[in-house]
1. Restricting to the stretch 271-287, name every residue that is crowded, with 19+ Cβ neighbours inside 10 Å and part of a loop (DSSP other than H, G, I, E, B).
2. From R211, R217, which residue is buried (at least 20 other Cβ atoms within 10 Å of the Cβ) and among the basic types (K, R)?
3. Of the conditions (1) at pLDDT below 95; (2) within 24 Å of F286 (Cβ to Cβ), F188 fails just one. Which one is it?
4. Do any residues in the stretch 247-273 that are free of Cβ contacts under 8 Å to residues at least 24 places away in the same chain and closer than 21 Å to G160 by Cα have Cβ atoms under 9 Å from those of residues that are within 13 Å of the ligand (Cβ to nearest atom) and part of a strand (DSSP E or B), where the two are at least six apart or on different chains, and which pairs are they?
5. Do the conditions hold for R12, that is, is it of a type in the set (D, E, K, R), part of a loop (DSSP other than H, G, I, E, B) and away from the ligand (no atom under 16 Å from the Cβ)?
6. Note down all Cβ pairs under 7 Å where the first residue falls in the stretch 8-32 and is within 16 Å of G192 (Cα to Cα), the second is outside any strand (DSSP E or B) and modelled with pLDDT under 95, and they're at least six residues apart or on different chains.
7. Limited to the stretch 204-221, what total is found for residues that are closer than 15 Å to T250 by Cβ and among the charged types (D, E, K, R)?
8. Filter the stretch 116-130 down to the residues that are of a type in the set (G, A, S) and in contact with a Leu (Cβ under 9 Å, 6 or more places away or on another chain), then identify the one that is nearest to the ligand (Cβ to nearest atom).
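The values are calculated or read from the model by the stated rules, or taken from the named source; none is laboratory data. What you are looking at is a predicted structure, and each value in this text was computed from that prediction instead of being measured. Don't worry about glycine lacking a Cβ; one is built from the backbone with ideal geometry, like all the others, and counts go over all protein chains shown.
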Amino acid sequence: MKVACFALDGVRGIGLVDEAAAAVRPFEPPFADMVALIERFDEVRDGPRTGAPIPLAQVKLLAPIPEPRRNIFCVGKNYRDHAREFAGSGFEAGAVKGQEIDAYPAVFTKPPSSVIGPGDTVDLHANVTQAVDYEAELTIVIGKAGRDIPAERAFEHIFGYTIINDVTARDRQKNHKQWFMGKALDTFCPMGPWITTADEIDAETLQVICRVNGELRQNANTRDLIFGIPSLIATISGGLTLVPGDLIATGTPAGVGIGFNPPKFLEAGDEVAITISGIGTLMNRFA
Ligand code: MG
């Protein structure tokens, strides 16, 4: 199933998305938020009770987890072609030719304050950066807590999947020699449009597509991840307890703005649309 967080007349709800009917059906009784649904999913898994459908056109879709309890985990350089384009762009601090592919995944975080929803506007922050870029990413939503999770049990801990645009200020990413400063700005984590539950898709064969103003920029498949989903969960949960509602953005494929020469940075008025098969499309405008 697909589950969304939405606002109707300023009141938040959690509901089941019916794409064919272009509607959302709020759960009854309601869940306080998405994390409550994730934690009590067994109550609705086999036969959710819902209220009358509300046309999607009448609601404002929010990020499925609008206020994560802690930072969003993100993985860098997790597709070979992207690792090469990043190293060759001049924007990777410390890049070494011939050593573009890492032996261990690069993991960084984005703070909860960076999260916005589908259709929301990303702030270009022209006072602190002149090099804003997009990154389309399949994102894991953790369902069951665990620490030191073995790779072969990783999928037992996944509730579902959503989309994140890991928006990045490339000049800050390079200048500060560490990724947080370029990744953590307010509005730099568009998320949505909803969560597809894990039983509905094979996350290891999803197509990840990104268009800027309708122009195809990224087009890859999650089967090409260097560090796959089980490996990422095993690595990140090593000595660190993952909890329901935690998010792990799995990395972006080739075709980001710095992959072009000269780079194609985002400008005011640009629209970035990310589509992942089995999930949907996350669209945001930049200003
Ligand atoms: Mg990224």
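1. Hit for the stretch 271-287 is I279, nothing else.
2. Of the residues listed, the single one that is buried (at least 20 other Cβ atoms within 10 Å of the Cβ) and among the basic types (K, R) is R217.
3. Result: F188 passes all but (1).
4. none
5. no
6. Within 7 Å, the pairs are L16/P48.
7. Counting residues in the stretch 204-221 that are closer than 15 Å to T250 by Cβ and among the charged types (D, E, K, R) gives 1.
8. If we take residues in the stretch 116-130 being of a type in the set (G, A, S) and in contact with a Leu (Cβ under 9 Å, 6 or more places away or on another chain), then G117 is nearest to the ligand (Cβ to nearest atom).
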